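*Asks:* Have a look at the structure that comes next, please.
The values are calculated or read from the model by the stated rules, or taken from the named source; none is laboratory data. Fair warning: this is a prediction, and the values are worked out from it, not measured in the lab. All Cβ positions, glycine included, derive from the backbone under ideal geometry; neighbour counts span all protein chains shown.
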Amino acid sequence: MQLFRFANPDYLYLLLLVPVIILLFIANVIRRRKALKRLGDLNLVEKLIPEMSGARPVVKIVLQLTAFVAAVIMLARPQFGSRMEDVKKQGVEVIIALDVSNSMLAEDIQPDRLTRAKQAITRLIDNLDNDRIGLIVFAGDAYTQIPVTTDYISAKMFLATIGPEMVPKQGTSIGAAINLGVRSFSPGEGKSKAMIIITDGENHEDDPLAAAQEAAKAGIVIHTIGIGSTEGVPIPVAGYKKDYLRDVEGNTVISKLDEEILKKIAVAASGSYVRASNSNLGLDEVFGQIKKMKKEEMESKMFTEYDDQFRIFAALALIVLLTDFLLMDRKNRKLANIRMFKFKV
């Protein structure tokens, strides 16, 4: 198995110019046709100017765009990993359990509880180095979204897709999230296992305190982050007209932060509880405590040598540009009169 990557991926943003160039070319073609129409009938004009070609400019712009794309890819330096080694690093293993129940759409934390939590997790991933991270989502049940990994790019990609619609059973089952987290850690890492639970704490399904006590026996430290207000706010629902979630009797559902259960979970698993706010979710503070834990030596496989493949694209760009240079915009009248084969009728 080989790993493909770009050594200078920022150059790929230049590819955004391709649709702009295409639009400018189309606009120029339309402008030229309008100018020719002002001279008279298009069929007559084409007969008066036999060197004019409608197809050649299209072929030339395709060649030029092909050369441009190849040059951009060349600058981005595509590479294939050619050598894989076992690399030992010092770090901790962290699993984040994120509540994705409908109550996380409440807007007492701006823009809403879930979006704010995802933004904080993204920033945390950007600051990771040798640590492994996993992500569990939960509502009425818990699911592994990202297994423990050092692939931070993929972690952020999957994080962006998270929403309440991905969990079929609504509710809040913190105990299920803890139990799944315990099973999701890599074996043999001992003292460097930590969980971070981000939720409004409205547990409706199970006994999270008992689950936290079992996790503590396995050497797992659990930190909790309470997100939301204790006073309670309604839960928005999607629609043309803004409305709020209602119960079977038509009453507006109010979501309140349950700090007590989150504090008890943190105490039971030797962790800490942090109350989130609009200015600070508290994830950096919690991770600062996790970084003080004893770091274990973790082995992982990674590519240490890469072969550049930019020469292929450089050659392609050169060949296409040479073809474009030799292809004239207009037909050559002398060449058009040459007949390789003559037939008499």
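*Asks:* Filter segment 133-164 for residues that are over 18 Å from the mean Cα position of the chain (by Cα) and not aliphatic (A, V, I, L, M); which is nearest to ASP99 (Cα to Cα)? Steps first, please.
*Replies:* Looking only at segment 133-164, we keep the residues that are over 18 Å from the mean Cα position of the chain (by Cα), and these are 138-143.
Cutting the leftovers down to not aliphatic (A, V, I, L, M) gives us 138, 140-141, 143.
Numbers: PHE138: 5, GLY140: 10, ASP141: 10, TYR143: 11 Å.
Selected residue: PHE138.
*Asks:* Within segment 29-77, can you find the residues that are at pLDDT 75 or above and either farther than 30 Å from ALA315 by Cβ or among the basic types (Lys, Arg) (or both)?
*Replies:* Those that are at pLDDT 75 or above and either farther than 30 Å from ALA315 by Cβ or among the basic types (Lys, Arg) (or both): VAL29, ILE30, ARG31, ARG32, ARG33, LYS34, ARG56, LYS60, ARG77.
*Asks:* While we're looking at this one, here's another question. Of the residues LYS242, LYS217, LYS264, which is of a type in the set (D, E, K, R), in the same structural domain as GLN289 (by TED's automatic domain parsing) and touching a helix residue (DSSP H, G or I) at 6+ places or on another chain (Cβ under 6 Å)?
*Replies:* On the way: LYS242 fails: touching a helix residue (DSSP H, G or I) at 6+ places or on another chain (Cβ under 6 Å); LYS217 fails: touching a helix residue (DSSP H, G or I) at 6+ places or on another chain (Cβ under 6 Å).
Sole residue among the options that is of a type in the set (D, E, K, R), in the same structural domain as GLN289 (by TED's automatic domain parsing) and touching a helix residue (DSSP H, G or I) at 6+ places or on another chain (Cβ under 6 Å): LYS264.
*Asks:* Continuing with the same structure: Give segment 275-303 a look and list any residue that's within 15 Å of GLU93 (Cβ to Cβ) and either at pLDDT below 85 or exposed (fewer than 11 other Cβ atoms within 10 Å of the Cβ) (or both), or say none.
*Replies:* Hits for segment 275-303 are LYS291, LYS292, MET293, LYS294, LYS295, GLU296, GLU297, MET298, GLU299, SER300.
*Asks:* When you look at ALA97, is it under 22 Å from ALA194 (Cβ atoms), in the same structural domain as ILE254 (by TED's automatic domain parsing) and under 16 Å from the mean Cα position of the chain (by Cα), yes or no? Give the derivation first.
*Replies:* On the way: under 22 Å from ALA194 (Cβ atoms): yes; in the same structural domain as ILE254 (by TED's automatic domain parsing): yes; under 16 Å from the mean Cα position of the chain (by Cα): no.
Answer is no for this residue.
*Asks:* Give the residue, chosen from LEU128, LEU114, LEU98, that is modelled with pLDDT under 90 and at negative phi.
*Replies:* Answer to the check: LEU128.
*Asks:* For segment 304-314, check the following and say yes or no: at least one residue is in contact with a strand residue (DSSP E or B) (Cβ under 9 Å, 6 or more places away or on another chain), at pLDDT 85 or above and within 30 Å of ILE197 (Cβ to Cβ).
*Replies:* No: segment 304-314 contains no residue that is in contact with a strand residue (DSSP E or B) (Cβ under 9 Å, 6 or more places away or on another chain), at pLDDT 85 or above and within 30 Å of ILE197 (Cβ to Cβ).
*Asks:* Of all the residues that make up segment 176-235, how many are of a type in the set (Gly, Ala, Ser), over 26 Å from the mean Cα position of the chain (by Cα) and either surrounded by fewer than 24 Cβ atoms within 10 Å (Cβ to Cβ) or farther than 23 Å from GLN119 by Cβ (or both)?
*Replies:* Total satisfying the criteria: 13.
*Asks:* Can you name the number of the only condition in (1) closer than 30 Å to PHE185 by Cβ; (2) at pLDDT 55 or above; (3) of a type in the set (Phe, Trp, Tyr) that PHE325 fails?
*Replies:* So the condition that PHE325 fails would be (1).
*Asks:* List the pairs whose first member sits in segment 139-162 and is not assigned by TED's automatic domain parsing to the domain that holds PRO187 and part of a strand (DSSP E or B), whose second member is surrounded by fewer than 16 Cβ atoms within 10 Å (Cβ to Cβ) and of a type in the set (Asp, Glu), and whose Cβ atoms are under 6 Å apart, counting only residues at least 6 apart or on separate chains?
*Replies:* Pairs found: none.
*Asks:* If you scan segment 233-255, which residues turn out to be β-branched (Val, Ile, Thr) and at pLDDT 85 or above?
*Replies:* Within segment 233-255, VAL233, THR252, ILE254 qualify.
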